[in-house]
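Shown next, in structure tokens, is the structure this report addresses.
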Amino acid sequence: MYDVIVVGARAAGSPTAMLFARAGYRVLLLDRIRHPRDTLSTLYIHQPGVAHLKRWGVLDAVAATGCPPLDHARHQVKDVVLEGCSWPADGVTAAYAPRRYLLDRILTDEAVASGAEFREQSTVDELVFEEGRVAGVRYRSGRQQFEERARLVVGADGMRSKVAELAGARTELEDPMLTCAYYSFWSGIDTGFEVYESTRRWAGFVPTNDGLTLVGTYFPMADYDRVRADARTAYLENISAISPVLADRMAGATQEDRLFGTGDQRNFFRRAAGPGWALVGDAGHHKDSLTGKGITDAFRQATALVESVGDGLRDGPGLDKSLRRYGERRDELVMDGYRDTLAAAELRPGRRLPLMRAIVDDAQMTARFFSTISGVLPSNELMTPELRERVGA
């Protein structure tokens, strides 16, 4: 009998297992794949997410992989360029973008070191129910079938979560998909973290491990059929159309991996928890990857769940109340970022041009702008009275 079973051992599940284990609970962590393995990801961890890594004691391990600290950002919309950095989050000034096969392994290893039991290549097929509550899982590994019981089952198994499906987690909010995305890894690009926007186009440069740069592009979802018919051509043309300078920089670079892409970037909130179950990360809430908030939000949700449960697993009647509290807290943590992401994913950056022009020569206000992007500052606090006057808002 376990206290907690966590299904999914990536950026949401491994921290959840780690934190529950550190709280003294008996934890089983399951994942259907064999680690390490890469996954579709923008890689980017904003400063608040990096602050979680620091608090958990794993930031040094992430930095030791060789991914560079990203403490300077360039954001260009049409002809307006902002350069600077977010305010610190708990003393952390840099973002990071480690390859996922490295980050996920570090987090899983730390969960095991904290006391969680980890089983790879273990696919959950059913939830066990007792008196209307989730009480465990049935899963297979190889040709064998297993059943394990727990007071709480956590689904951290991604946007297409099996746990969410089996638990009957209803979708409470859903918005249309807005973009499709393609990216690859390139060598020979001298860059920091850079974002470029124009109408119906977006591109980003994200330095990662081994001297490589993730170069990503986004298109309106309405263009998906056209784009995927010749994705490489569309990818390169999108970058060139945003800025011929970007195309020139890439002309001397080397593509080191295949082109990755997706047209399945759903925007939703599922119910966060119910009797004996909870969802963290993309399993419970997913949004367009354009703003790169997924990993940071997964860390925040893992922390919120464990803090909300507290001693609740030792106090049976209090668990349901704790899980309701988690659901409320999750929505508080990520709703602003969700709305900001939907606005950005419309790919109509002209709306922000008056604001950006007003602060382009103001380092303090530029830092304030980048702080809303990182999540250090709520976006509704960006507009000071002075800035409103400048913009004419």
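Looking across region 165-195, the residues that are part of a strand (DSSP E or B), of a type in the set (A, V, I, L, M, F, W, C), touching a helix residue (DSSP H, G or I) at 6+ places or on another chain (Cβ under 8 Å) and closer than 15 Å to Phe219 by Cα come down to Cys180, Ala181.
Just checking, which of Asp320, Asp340 is within 21 Å of the chain's Cα centre (by Cα), part of a helix (DSSP H, G or I) and outside the structural domain of Arg201 (by TED's automatic domain parsing)?
Numbers: Asp320 fails: within 21 Å of the chain's Cα centre (by Cα).
Within the list Asp320, Asp340, the selection yields Asp340.
Of the residues making up region 276-305, those that are outside any loop (DSSP other than H, G, I, E, B), β-branched (Val, Ile, Thr) and closer than 19 Å to Asp104 by Cβ are Ile295, Thr296, Thr303. For region 321-353, the candidate set comprises residues that are over 24 Å from Val309 (Cα atoms) and among the basic types (Lys, Arg); within that set, the residue that is surrounded by the fewest Cβ atoms within 10 Å (Cβ to Cβ) is Arg351. Considering only residues that are within 27 Å of the chain's Cα centre (by Cα) and either not charged (D, E, K, R) or not assigned by TED's automatic domain parsing to the domain that holds Gly274 (or both), which ones fall in region 122-133? Within region 122-133, Ser122, Thr123, Val124, Leu127 qualify.
May I ask you to list the residues in region 196-226 that are over 19 Å from the mean Cα position of the chain (by Cα), within 23 Å of Thr254 (Cβ to Cβ) and part of a helix (DSSP H, G or I)?
Restricting attention to region 196-226, the residues satisfying the condition of being over 19 Å from the mean Cα position of the chain (by Cα) are 196-201, 210-212, 219-226.
Checking which are within 23 Å of Thr254 (Cβ to Cβ) leaves us with 196, 210-212.
Answer for region 196-226, where residues must be over 19 Å from the mean Cα position of the chain (by Cα), within 23 Å of Thr254 (Cβ to Cβ) and part of a helix (DSSP H, G or I): Asp210, Gly211.
In the set Thr208, Thr217, only one residue is of a type in the set (Val, Ile, Thr), in contact with a Cys (Cβ under 6 Å, 6 or more places away or on another chain) and buried (at least 18 other Cβ atoms within 10 Å of the Cβ); that residue is Thr208. When the criteria are applied in full, Gly276 meets the requirement of being at positive phi and more than 16 Å from the chain's Cα centre (by Cα).
Taking region 18-119 and the helices (runs of 4 or more DSSP H) fully enclosed by it, the elements with 3 or more residues that are surrounded by 20 or more Cβ atoms within 10 Å (Cβ to Cβ) are at 47-56, 100-113.
Restricting Glu381, Glu346, Glu328 to those that are acidic (Asp, Glu) and touching a Leu at 6+ places or on another chain (Cβ under 7 Å) reduces the list to Glu346.
Select, from Val153, Val206, the only residue that is modelled with pLDDT of 95 or more and under 23 Å from Pro349 (Cβ atoms). If you could, list the steps in order and put the result at the bottom.
Details: Val153 fails: under 23 Å from Pro349 (Cβ atoms).
Being modelled with pLDDT of 95 or more and under 23 Å from Pro349 (Cβ atoms) holds for just one of Val153, Val206, which is Val206.
Could you check Asp297 against (1) surrounded by fewer than 20 Cβ atoms within 10 Å (Cβ to Cβ); (2) touching a Gly at 6+ places or on another chain (Cβ under 8 Å) and say which number it fails? Condition (1) is where Asp297 drops out.
Total residues in region 60-99 satisfying the condition of being under 21 Å from Ala17 (Cα atoms) and in contact with a Phe, Trp or Tyr (Cβ under 8 Å, 6 or more places away or on another chain): the figure is 1.
The values are calculated or read from the model by the stated rules, or taken from the named source; none is laboratory data. Note that the structure is predicted; figures quoted are calculated from it, not measured. Cβ coordinates were reconstructed from backbone atoms using ideal geometry, including for glycine residues, and neighbour counts include every protein chain displayed.
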